Number of protein chains: 2
Amino acid sequence: MAKTKKKKESEWATATNERLSEAGFRRGGARAAVVSLLDEQSCALSAYEIEDLLAQRERAVGRASIYRILEELDELGVVAKVELGQGQARYEPVRPDHHHHHLVCDKCGAVIAFDDAPLERAVHSISKRVDFAVEGHEIVLHGLCADCR
Amino acid sequence: MAKTKKKKESEWATATNERLSEAGFRRGGARAAVVSLLDEQSCALSAYEIEDLLAQRERAVGRASIYRILEELDELGVVAKVELGQGQARYEPVRPDHHHHHLVCDKCGAVIAFDDAPLERAVHSISKRVDFAVEGHEIVLHGLCADCR
DNA sequence: CTAGCGATGAGACTGATTCTCAGGCTAGTT
DNA sequence: AACTAGCCTGAGAATCAGTCTCATCGCTAG
Ligand SMILES: [Zn+2]
Ligand SMILES: [Zn+2]
Ligand SMILES: [Zn+2]
Ligand SMILES: [Zn+2]
């Protein structure tokens with residue numbers, strides 16, 4: 001058998017690995033572990049969460065490598081770095097069919113994903129109108145989650 | 001004459017000082033200087049920019065005080081803390097009649113303000129639909145400014 | 001199998017923000 | 001005006017996320 005990966009990788013991991021090799025990156029254990037972990041996520045994780053999860057579940061990866069790899073993936077456009085005003089960045093796999101934004105509870109820090117077509121339309125409309133080459137957008141709604149109210 | 005302030009304060013400073021006293025805060029030189037400086041701003045400044053500007057123009061204020069005061073003002077809802085993904089927070093006076101969002105140049109860091117009614121409508125519409133008490137929102141468009149393209 | 005060079009990670013370093021706590025000053029009180 | 005409780009300030013230490021350095025590891029082409 002060619003594959004002996006822990007869990008079968010999804011479309012995202014496949015596409016990501018392809019982009020990585022296209023971009024000239026060699027294979028490496030640290031990067032494979034990060035990609036594998038992100039592949040299982042539907043929403044964003046912080047670098048420290050990634051570090052902890054990797055140490056527990058997959059394979060410990062140095063902090064420097066985690067940040068380096070996340071930056072590479074962000075530049076390749078396969079990972080999005082989102083800043084939710086919590087003093088730390090979060091990273092999530094980019095899946096065009098699951099584009100979404102976030103609701104952040106100011107009390108407990110909970111992060112909830114949502115998507116809305118009219119909102120996206122408004123953003124795209126603006127992007128075309130301004131004298132600015134818009135490459136991405138981030139929308140965060142702050143407030144209190146159901147539990148914290 | 002009752003007033004000998006450097007420049008006549010605008011509606012924002014007046015309302016802010018009122019809220020501060022309502023909230024039980026005493027007067028103080030550091031806070032007055034920060035409020036006065038913010039009152040002149042139409043868009044966001046970073047804590048360091050505020051520190052430098054105060055040291056030059058108004059009255060030097062300790063860094064700890066600047067952060068403490070900005071946090072108080074943010075909690076009172078008269079200042080908005082905006083995180084534009086530049087590794088530092090920025091703060092701007094909240095003027096309901098000048099609600100806006102930001103375009104950030106990923107190359108030179110330029111920040112440009114914009115506002116859009118359809119976008120706000122979409123956000124408010126979402127706010128009503130989710131099981132979440134939305135208290136604010138932040139929208140950032142990333143890309144390259146006209147100069148950097 | 002081996003050389004060449006990218007990949008990795010321990011730990012030092014940076015920069016922003018927060019904390020601590022010893023005075024300074026405001027706002028009532030007498 | 002003088003007095004005082006307790007908020008207001010700010011210098012400097014402490015934190016913390018994130019970045020850099022560089023010796024070492026391990027792919028992979030040949
Ligand atoms: Zn998400
Ligand atoms: Zn909550
Ligand atoms: Zn602004
Ligand atoms: Zn620019």
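Checking the conditions here, which among B:HIS142, B:HIS98, B:HIS102 is within 14 Å of ligand 3 (Cβ to nearest atom) and modelled with pLDDT under 95? Lay out the reasoning, then the answer.
Details: B:HIS142 fails: within 14 Å of ligand 3 (Cβ to nearest atom); B:HIS102 fails: modelled with pLDDT under 95.
None of the others qualify; the one that does is B:HIS98.
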Q: Can you give me the number of residues within region A:75-104 that are in contact with a strand residue (DSSP E or B) (Cβ under 9 Å, 6 or more places away or on another chain) and in a helix (DSSP H, G or I)?
A: 1
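Out of A:ALA44, A:ALA80, I need the residue that is touching a residue at least 60 places away in the same chain (Cβ under 8 Å), within 16 Å of DNA strand D (Cβ to nearest atom), assigned by TED's automatic domain parsing to the domain that holds A:LEU20 and on the phi < 0 side of the Ramachandran plot. Which one? Write out each step before concluding.
Details: A:ALA80 fails: touching a residue at least 60 places away in the same chain (Cβ under 8 Å).
Criteria check complete, one pass: A:ALA44.
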Q. Restricting attention to region B:117-135, which residues are surrounded by 13 or more Cβ atoms within 10 Å (Cβ to Cβ) and among the aliphatic types (A, V, I, L, M)?
A. B:LEU119, B:ALA122, B:VAL123, B:ILE126, B:VAL130, B:ALA133, B:VAL134
Q.
Out of B:GLU83, B:GLU138, I need the residue that is touching a Gly at 6+ places or on another chain (Cβ under 6 Å), within 8 Å of chain A (Cβ to nearest Cβ) and surrounded by 16 or more Cβ atoms within 10 Å (Cβ to Cβ). Which one?
A. B:GLU83
Q: Could you tell me whether any residue of region A:107-118 is touching a Ser or Thr at 6+ places or on another chain (Cβ under 8 Å), touching a residue at least 60 places away in the same chain (Cβ under 8 Å) and of a type outside the set (Asp, Glu)?
A: yes
Q. Which residues, taken from region A:17-65, are in contact with a Lys or Arg (Cβ under 9 Å, 6 or more places away or on another chain), farther than 22 Å from A:GLN88 by Cβ and of a type in the set (A, V, I, L, M, F, W, C)?
A. A:LEU20, A:PHE25, A:ALA32
Q: Go through (1) surrounded by 13 or more Cβ atoms within 10 Å (Cβ to Cβ); (2) farther than 24 Å from B:LYS81 by Cβ; (3) within 16 Å of DNA strand C (Cβ to nearest atom) and name the single condition A:TYR91 misses.
A: (2)
Q. Of everything in region A:94-149 that's more than 16 Å from ligand 1 (Cβ to nearest atom) and acidic (Asp, Glu), which residue is farthest from A:VAL78 (Cα to Cα)?
A. A:ASP147
Q: Return the pairs, sorted by first residue and then second, in which the second residue is acidic (Asp, Glu) and more than 9 Å from DNA strand D (Cβ to nearest atom), the first residue lies in region B:7-29 and is in contact (Cβ under 8 Å) with a residue 24 or more places away in the chain, the beta carbons are less than 6 Å apart, and the residues are 6+ apart or on different chains.
A: B:GLU9/B:ASP39; B:SER10/B:ASP39; B:TRP12/B:ASP39; B:ALA13/B:ASP39
Q. Taking region B:105-116 as the search range and keeping residues that are surrounded by fewer than 16 Cβ atoms within 10 Å (Cβ to Cβ) and assigned to a strand (DSSP E or B), which one is farthest from ligand 3 (Cβ to nearest atom)?
A. B:PHE114
(Q) Just the residues that are assigned to a loop (DSSP other than H, G, I, E, B) and surrounded by 14 or more Cβ atoms within 10 Å (Cβ to Cβ), please, taken from region A:20-58. (A) A:PHE25, A:GLU40, A:GLN41, A:CYS43, A:ALA44, A:GLU58
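The values are calculated or read from the model by the stated rules, or taken from the named source; none is laboratory data. This is a predicted model, so every value here is computed, not measured. Glycine gets a Cβ as well: all are built from the backbone with ideal geometry, and neighbour counts include every protein chain shown.
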